[in-house]
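One structure below.
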Amino acid sequence: MTRVVIVGCGYIGLELGRQLVDHDYDTYGVRRSQEGLAAVERAGLTPVQADVTDPESLLALPDAEAVVFAASSGGRDAAAARRVYVEGLENVIAEYSSREESPERLVYTSSTGVYGDHDGAWVTEETPIDPQTEKTRVLATAERVAIDAAAEAGIDGTVARFAGLYGPDRYRLDRYLQGPVTAGYLNMVHRADAAGAIRHLLSETHARGETVLVVDDEPVEKHAFADWLADECGVDRPPKQSTAERLAEGDLSAAAKRRIRTEKRCSNERLHELGYEFVYPTYREGYRAAIDAYREDG
């Protein structure tokens, strides 16, 4: 039985773990807190307590054929992100490389934020990245660690570059139904498919030493998405604003301004080529459960 260790077993890690257990993987979920460990156990995985920023604690990690690094910095600043994503990943690789048998595979979960602004054009795995914030520059550095440092340790690394995650507890209906909604593209992937894509990559020899974009079939303009969502929920369409109008309001941080100005459409052609079949190919399927629940409650 293949053993997989999920380091940072949170929103995506728990779903991935459930899928792996359903497919007869021996699956371990690593968290720092007792609350996190309880969530891992409820999901049916074997809990392991460790902190990626504490190398000594990583002695508790079990040997494994594959490791998924999905740790989060908790939305904190770039320095905290570097401690987790870069130094933490280096710590995990160092710990496993010191053992008699290292994992064969490593999957690191990154973000499409590393692309920066492409003025609404399509981006693929071949598009040069251009991180524009301290935090996305940290993510770009961690991507290099996941491929290069892992290779030096004899481990085949893969970067799964996620678009915006949504799903249970993260549908954020009110944001789009109440508005005002600012113009721009949404690149999304449902939690089930974010986890499913990783499981697919682990189940085959796919994408070793490569980066794979994990995003659904249809980027959508935010105004169009908000109108569709309102129509499906049976409510009035929300107020809207242009990017220039939102920027002119003057209440945004520098980082928020950069996010609003960032435009791109992410292609999943490579993921399809690798044979992954989406559970929720677009937002229309992915938001159905949330829409049904909204209408029932309304």
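The values are calculated or read from the model by the stated rules, or taken from the named source; none is laboratory data. Remember, predicted model here, so these are calculated numbers, not experimental data. Cβ sites come from the backbone with ideal geometry, for glycine too, and all protein chains shown count toward neighbours. We work out accessible area using only protein heavy atoms, side chains counted, and drop any ligands, DNA or RNA first. Shrake-Rupley method; radii C 1.70, N 1.55, O 1.52, S 1.80 Å.
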*asked:* Regarding the range 241-255, can at least one residue be identified that is of a type in the set (Val, Ile, Thr), out of contact with any strand residue (DSSP E or B) (no Cβ under 8 Å at 6 or more places or on another chain) and touching a residue at least 24 places away in the same chain (Cβ under 8 Å)?
replied: no
*Would you call Arg161 under 21 Å from Ala80 (Cα atoms), open to solvent by 60 Å² or more (accessible area, probe 1.4 Å) and either in a helix (DSSP H, G or I) or in contact with a helix residue (DSSP H, G or I) (Cβ under 6 Å, 6 or more places away or on another chain) (or both)?*
no
*Yes or no: Leu202 open to solvent by less than 60 Å² (accessible area, probe 1.4 Å), assigned to a strand (DSSP E or B), touching a Lys or Arg at 6+ places or on another chain (Cβ under 9 Å) and closer than 18 Å to Ile12 by Cβ?*
no
*Would you be able to tell me the number of residues in the range 211-254 that are open to solvent by less than 40 Å² (accessible area, probe 1.4 Å), within 30 Å of Val159 (Cβ to Cβ) and in a helix (DSSP H, G or I)?*
2
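When the range 125-143 is examined, which residues are found to be in a loop (DSSP other than H, G, I, E, B) and open to solvent by 50 Å² or more (accessible area, probe 1.4 Å)? Reasoning before the result, please.
First pass over the range 125-143, keeping only residues in a loop (DSSP other than H, G, I, E, B): 125-133.
Once the filter is applied, which keeps residues that are in a loop (DSSP other than H, G, I, E, B) and open to solvent by 50 Å² or more (accessible area, probe 1.4 Å), the range 125-143 yields Glu126, Pro128, Ile129, Asp130, Gln132.
Mind counting the residues in the range 8-30 that are farther than 21 Å from Arg170 by Cα and open to solvent by 50 Å² or more (accessible area, probe 1.4 Å)? Break it down stepwise before answering.
Filtering the range 8-30 down to residues farther than 21 Å from Arg170 by Cα leaves 20-30.
Of the ones still in play, those that are also open to solvent by 50 Å² or more (accessible area, probe 1.4 Å) are 21-24.
Adding up the residues that qualify gives 4.
If a residue must be of a type outside the set (Ser, Thr, Tyr) and over 16 Å from Ile12 (Cα atoms), how many such residues does the range 39-53 contain?
So in the range 39-53, the residues of a type outside the set (Ser, Thr, Tyr) come out as 39-45, 47-52.
Still in the list and also over 16 Å from Ile12 (Cα atoms): 48-52.
Adding up the residues that qualify gives 5.
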*Single residue of the range 69-85 satisfying the filter (closer than 21 Å to Phe162 by Cα and in a helix (DSSP H, G or I)) that is most open to solvent (accessible area, probe 1.4 Å)*: Arg83
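Which residues, taken from the range 49-68, are in contact with a Lys or Arg (Cβ under 8 Å, 6 or more places away or on another chain) and either buried (at least 16 other Cβ atoms within 10 Å of the Cβ) or among the hydroxyl-bearing types (Ser, Thr, Tyr) (or both)?
Residues of the range 49-68 that are in contact with a Lys or Arg (Cβ under 8 Å, 6 or more places away or on another chain), as a first pass: 49-51, 53, 62-67.
Correct list: Ala50, Asp51, Thr53, Ala64, Glu65, Ala66, Val67.
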*Take the residues of the range 263-298 that are basic (Lys, Arg) and touching a helix residue (DSSP H, G or I) at 6+ places or on another chain (Cβ under 9 Å): which is nearest to Phe162 (Cα to Cα)?*
Lys264
*Show the residue pairs that are 6+ apart or on different chains and have beta-carbon atoms under 7 Å apart, the first residue being within the range 147-173 and closer than 29 Å to Gly209 by Cβ and free of Cβ contacts under 8 Å to residues at least 40 places away in the same chain, the second being open to solvent by 50 Å² or more (accessible area, probe 1.4 Å) and of a type outside the set (Val, Ile, Thr).*
none
